[in-house]
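Below: one structure, written as structure tokens.
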Amino acid sequence: MRNAVAAVALAVVLVGCSSGTQSSAPGSSSSGTSPTGTSAPGSSGTPGTGSSGTNPTAPVQPPVSISEEKPVVPPNVTPVAKEKVDTTSLSDTYRDEAYVFGDGRDVEVFGVGGGCKEARAEITGQSADVVQITLVTITKQPAGTVCTQEVRQVPLTVRLDAPLGDRRLVLEAREESA
């Protein structure tokens, strides 16, 4: 009987742990917003990054998630045509896809995180023809710690000044240390 009670308690804990929340980069918080660029929960609260519920026009969580290395795309989300996404400067570590949702100003891309790495997306340019987004990977290794080397795709969302429409999307990457 004790084993049955323990099994039920464990099942309740496991269900509670997977109740619709998305994981983000380790050691992260979801605070701070910016009208020019936001990222998924898991970014730092520095200006120009992060996302939270404080800005009603910015999404709190990206709508597309990764399941067994394939994207799970909800019905209200539109993939950006492959010929409109320029990923020529990215390594094979990054996904070569993007998604638009909401009023067409919200764009989701995928950065790289895991271990002591956090991911953030920044809008680095917007014109009538092109939107440039930089995928930033930040390595934070506190003194005296060991970081795992796992790498995972992290969904990141940015909010554009105007709908993406027919504009080309250029994705670039940058690495930083904190």
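The values are calculated or read from the model by the stated rules, or taken from the named source; none is laboratory data. Model, not experiment: these values are computed from the prediction. With ideal geometry, Cβ positions are generated from the backbone for all residues, glycine too; neighbour counts draw on all protein chains shown. Areas reflect the complete protein model, heavy atoms only, side chains present, ligands, DNA and RNA absent. Shrake-Rupley method; radii C 1.70, N 1.55, O 1.52, S 1.80 Å.
Provide the solvent-accessible area of S127, counting protein heavy atoms only and rolling a 1.4 Å probe, rounded to the nearest 10 Å².
Counting only protein heavy atoms, the figure is 60 Å².
For K82, give me every one of the lysines with a C-alpha distance below 23 angstrom, ignoring sequence neighbours fewer than eight places off in its own chain.
K70
What residues qualify as long-range amide H neighbours of A173, i.e. H under 5 Å apart, gap of 5 or more or another chain, H built at 1.01 Å from N?
So A173 has HN proximity to L135.
Could you sort the peptides 139-145, 73-79, 107-113 by per-residue average Cβ neighbour count (10 Å cutoff), highest mean leading?
On the way: 139-145: 10.3, 73-79: 12.1, 107-113: 26.1.
In decreasing order of mean packing, 139-145, 73-79, 107-113 become 107-113, 73-79, 139-145.
What translational diffusion coefficient, to the nearest whole µm²/s, does region 64-169 have by Stokes-Einstein, given a Kirkwood radius computed over alpha-carbon pairs, a temperature of 4 °C and 1.567 mPa s viscosity?
Estimated diffusion coefficient is 88 µm²/s.
Give me the aspartates and glutamates in straight-line cross-link reach of K140: C-alpha distance below 16 Å, same-chain residues under 8 apart excluded.
By straight Cα distance, K140 reaches E118, E150, E175, E176.
In sequence order, what are the phi-derived ³J(HN,Hα) couplings for region 122-134 according to the Karplus relation 6.51 cos²θ - 1.76 cosθ + 1.60 with θ = phi - 60°, rounded to whole Hz, with x for glycine and proline?
The phi angles translate into 10, 7, 10, x, 9, 9, 5, 10, 9, 10, 10, 10, 9 Hz.
Apply the a/c threshold of 1.5 to the C-alpha gyration tensor of region 117-159 and tell me whether it is rounded, prolate or oblate. Display every interim value, and only then the final one.
Values: a/c = 4.39, a/b = 2.83, b/c = 1.55.
Taking the square roots of the gyration eigenvalues as a ≥ b ≥ c, region 117-159 is prolate.
With the alpha-carbon atoms as the only input, what is the per residue convex hull volume for region 66-107 in Å³?
Details: hull volume 3.5 nm³, N = 42.
Taking only Cα atoms, region 66-107 has a hull volume of 83 Å³ per residue.
Which far-off residues, 5 or more places away or on another chain, put their amide H under 5 Å from the one on A98, with H placed in the peptide plane?
Hits under the 5 Å cutoff: V80.
Quote the relative contact order of region 117-178 in percent (integer), defining contacts as alpha-carbon pairs under 8 Å separated by 6+ residues.
Over region 117-178, the number comes to 46 percent.
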